[in-house]
Amino acid sequence: CERAIALVGESLRTAVADGEDLEARTAMALASTVAGIAFSGAGVHVPHALAYPIASLRHDWTPAGYGGAAFVPHGYAVAVTAPAVFRFLADAAPERCAAAARLLDGGNDLADSLARLMEDVGAPTRLSEIGYGADDLAKLVPGALDQRRLLVGSPKEIGAAELEALLEASL
């Protein structure tokens, strides 16, 4: 996981800014591969549990660079809640969060480091940017709860109330 985070921190901004930069694109391909290997052993977490209902409930948002297709890409669906989740978990795993932030951009706050990265690459940073509002939150929580296997192992208890609060903080 650490190698994937470092590769993303080193290369994503460049790969997005210059799609012809083969070194940056190769580093991102390696980051994706390494992350996939890590996920297979360690699993994924709360932002992924939230991403499934986020990507499946709305089909009318059109992301730039996707040929005009209306959908929420999985990576965006994960990323829009990740800063709120990392803020929520930071006190339960401060060393791990700080280490990931340092790998991502030299910072000490993972939520802030990730939010900066998202903004820098032009990714949506809030649920509201992909068409969600406060009225949608209650519809998203059951879908995330269905992903119980992704909520196991959290350093904090994650139930319906926590998921709704994380979604609200992500608006």
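Okay, here's what the table says:
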quantity: Set ALA55, ALA79, ALA31, ALA49: member being in contact (Cβ under 8 Å) with a residue 24 or more places away in the chain and closer than 16 Å to GLN147 by Cα; calculated: ALA49
quantity: Total residues in region 119-134, condition β-branched (Val, Ile, Thr) and open to solvent by less than 20 Å² (accessible area, probe 1.4 Å); calculated: 1
quantity: Conditions (1) open to solvent by less than 10 Å² (accessible area, probe 1.4 Å); (2) among the aliphatic types (A, V, I, L, M); (3) in a helix (DSSP H, G or I); number of the one not met by VAL78; calculated: (1)
quantity: Given (1) under 16 Å from the mean Cα position of the chain (by Cα); (2) at positive phi, index of the condition PHE88 fails; calculated: (2)
quantity: Matching entry among ARG116, ARG87, ARG96, ARG102 (being open to solvent by 20 Å² or more (accessible area, probe 1.4 Å) and touching a residue at least 40 places away in the same chain (Cβ under 8 Å)); calculated: ARG87
quantity: Breaking point among (1) modelled with pLDDT under 95; (2) out of contact with any helix residue (DSSP H, G or I) (no Cβ under 8 Å at 6 or more places or on another chain); (3) open to solvent by 50 Å² or more (accessible area, probe 1.4 Å); (4) in a helix (DSSP H, G or I), for GLY65; calculated: (4)
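The values are calculated or read from the model by the stated rules, or taken from the named source; none is laboratory data. These numbers were taken from a predicted model, which means no experiment stands behind them. Please note: Cβ atoms are built from the backbone with ideal geometry, for glycine as well, and neighbour counts cover all protein chains shown. Side chains are part of the model used for accessible areas, which takes the heavy atoms of the whole protein and leaves out ligands, DNA and RNA. Shrake-Rupley method; radii C 1.70, N 1.55, O 1.52, S 1.80 Å.
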